[in-house]
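Report on the following structure.
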Amino acid sequence: MTALRNAGSADGAVTLTVPPAVSLHVPSRSRYLDVRGLQYHVRTWGDPDAPKLFLLHGWMDVSASFQFLVDALQGPWHVLAPDWRGFGLSATPQDGYWFQDYVGDLDALTRALSPDAPVCIAGHSLGANVAMVFAGARPARVARIAALDGFGVPEETPDRAPAKLAHWLDALAHPPGFAGYRNLDAVADRLCKNNPRLARDRALFIAAHWASVAPDGTATLRADPKHKLPFPTTTRMEDMVALWRAIEAPTLWVAAAESHIAGWLAGERDPALEVARRIAYLRHGRLETIADAGHMLHHDQPVALARLLDSFFAA
């Protein structure tokens with residue numbers, strides 16, 4: 001293993017340990033902030049005096065997952081990527097996870113890290129949906145926004161409410177958990193199984209941040225199992241649409257050509273038409289598609305995605 005350290009940093013830099021097969025072109029540093037009563041970990045890359053770019057990871061991911069994208073960015077950017085509550089090196093709340101809590105955390109983070117200027121945000125999956133809702137609630141706080149394979153969630157009807165609440169109550173009675181792994185190699189095996197496009201060296205790098213290692217070598221995911229609880233409420237699409245329509249910033253929706261997300265949203269409808277219907281709610285939106293990429297497009301095609309984001313955010 002190779003250890004990289006930014007010694008003597010005032011913002012809480014820590015040792016970063018990576019597998020030897022991975023060469024980091026842009027080293028990261030760690031900051032810790034109090035965010036609504038929780039200690040939040042924020043991974044940063046680049047010159048603190050450069051323009052800020054927030055990267056928001058998805059469900060069951062961590063901030064270090066953006067390393068390959070950051071390596072490919074032309075910049076210059078000061079990239080700030082938090083670990084969401086209950087993921088990575090951020091603290092775990094006692095109660096659980098409501099979608100609005102992520103939005104509240106992002107509001108607090110942007111006020112702490114960019115108090116005087118609107119922010120540029122790129123979010124993936126869950127991070128994309130949080131960013132879009134935040135941009136609708138705080139339009140003056142967002143300069144530009146890119147949603148990476150995150151286009152909301154499927155519509156639901158109110159008649160599903162009893163079954164959803166009952167399902168949630170059943171899950172509370174039998175709390176979910178995560179299986180352990182014999183070592184980090186096994187964690188990398190799982191990542192490669194989930195995404196066959198993921199190169200082995202990248203999987204090993206992510207595994208070192210996605211899981212912690214016990215003295216006996218076994219690995220445990222850095223995630224709160226409560227994230228696996230089902231949602232107890234139905235989705236009010238009318239609320240989502242109202243928030244999207246309130247976004248004033250130029251908005252780039254980036255789809256992955258081989259992703260399941262569009263089909264998940266569409267149900268029995270045409271996936272392409274469903275995405276087009278949703279993007280039409282945006283006042284300043286456009287859609288771009290990354291070829292030969294699945295849902296984890298920042299792993300599959302980081303260079304192509306970086307070129308797109310560099311151009312969009314520098315405009």
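Just so it is clear, none of the values below were taken in a lab; they were calculated from the coordinates. In this text the structure is predicted, and so the values were computed from the model without any measurement. Reconstructed Cβ throughout: ideal geometry from the backbone, glycine too, with neighbour counts over all protein chains shown.
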Exposure proxy order (Cβ contacts within 10 Å, fewest to most) of W59, W253: W59, W253
Using the charge dipole of the range 260-315 (Lys, Arg: +1 at Cβ; Asp, Glu: -1 at Cβ; taken about the Cα centre), state which of A262, H298, Y281 has its Cα farthest towards the positive end. Y281
Would you calculate the convex hull of the Cα atoms in the range 137-232 and tell me its volume per residue in Å³? 189 Å³
Using the number of other C-beta atoms within 10 angstrom as an exposure proxy, rank V26, V254, V79, V275 with the fewest first. V26, V275, V79, V254
When the charge dipole of the chain is computed with +1 on Lys and Arg Cβ and -1 on Asp and Glu Cβ about the Cα centre, the Cα farthest towards its positive end, among A208, V130, L198, belongs to A208
Please report, to one decimal in angstroms, the Kirkwood hydrodynamic radius of the chain built from all distinct Cα-Cα pairs. 20.2 Å
Between A171 and T220, take the C-beta separation as r, use R0 = 22 Å, and let me know the FRET efficiency to the nearest 0.05. 0.60
How much length is gained on full extension from H260 to A276, taking 0.36 nm per residue of separation minus their Cα-Cα distance? 4.2 nm
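With +1 on each Lys and Arg Cβ and -1 on each Asp and Glu Cβ, how big is the dipole of the range 126-216 about its Cα centre, in debye rounded to the nearest 20? Each step should come with its number before you reach the end.
Details: 11 positive and 9 negative charges, 74 e Å.
So the magnitude is around 360 debye.
For Cα pairs less than 8 Å apart in space and 6+ apart in sequence, what is the mean separation divided by the residue count of the chain, i.e. the relative contact order in percent? Provide the component values of the computation, followed by the final result.
On the way: 616 pairs, mean separation 57.5, N = 315.
Relative CO of the chain lands at 18 percent.
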Place a +1 charge on the Cβ of each Lys and Arg in the range 89-152 and a -1 charge on the Cβ of each Asp and Glu, then give the dipole magnitude about the Cα centre in debye, rounded to the nearest 20. 240 debye
Say the dipole of the chain comes from +1 at the beta carbon of Lys and Arg and -1 at that of Asp and Glu; which of V187, H167, V26 then lies farthest toward its positive end? V26
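Which length gain, in nm to one decimal place, applies between R182 and D116 when the Cα-Cα distance is subtracted from 0.36 nm times their residue separation? Let's see the in-between values first.
On the way: separation 66, 0.36 × 66 = 23.76 nm, distance 4.70 nm.
Value of the extension gain: 19.1 nm.
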Which of D224, D107, D189 fluctuates most in a GNM of the chain (C-alpha springs under 10 Å)? That residue is D189
Can you quote the Å³ per residue value for the convex hull of the Cα atoms in the range 192-315, rounded to an integer? 166 Å³
Most fluctuating of D71, D105, D159 in the GNM of the chain (C-alpha, under 10 Å) is D159
Quick one: compute the contact order of the range 239-290, relative version, from alpha carbon pairs under 8 angstrom and 6+ residues apart, as a percent. 54 percent
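For the range 251-315, go through all pairs of different Cα atoms, get the mean of 1/r, take its inverse, and jot down that Kirkwood value in Å.
Details: mean 1/r = 0.0799 Å⁻¹.
The Cα-based Kirkwood calculation yields 12.5 Å.
With 10 angstrom as the radius, rank M296, M132, M240, M60 by how many other C-beta atoms surround their C-beta, starting from the fewest. Mind dumping the intermediate values first?
Numbers: M296 23, M132 27, M240 19, M60 15.
Exposure proxy ranking, most exposed first: M60, M240, M296, M132.
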Mean-square fluctuation maximum in Gaussian network of the chain, Cα pairs under 10 Å, restricted to A272, A137, A219, hits A272
Please work out the FRET efficiency for the pair R286 and K193, using the Cβ-Cβ distance as r and a Förster radius of 41 Å; give the result to the nearest 0.05. 0.75
Rounded to whole Å, give me the distance from the Cα center of the range 125-181 to that of the range 285-315. 22 Å
Taking the Cα centre as origin and putting +1 on Lys and Arg beta-carbons and -1 on Asp and Glu beta-carbons, what dipole magnitude results for the chain, to the nearest 20 debye? 220 debye
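When you have a sec, figure out the Kirkwood radius of the range 83-132 from all distinct Cα pair distances and drop it here in Å to one decimal?
Working: mean 1/r = 0.0849 Å⁻¹.
For the range 83-132, inverting the mean 1/r across all distinct Cα pairs yields 11.8 Å.
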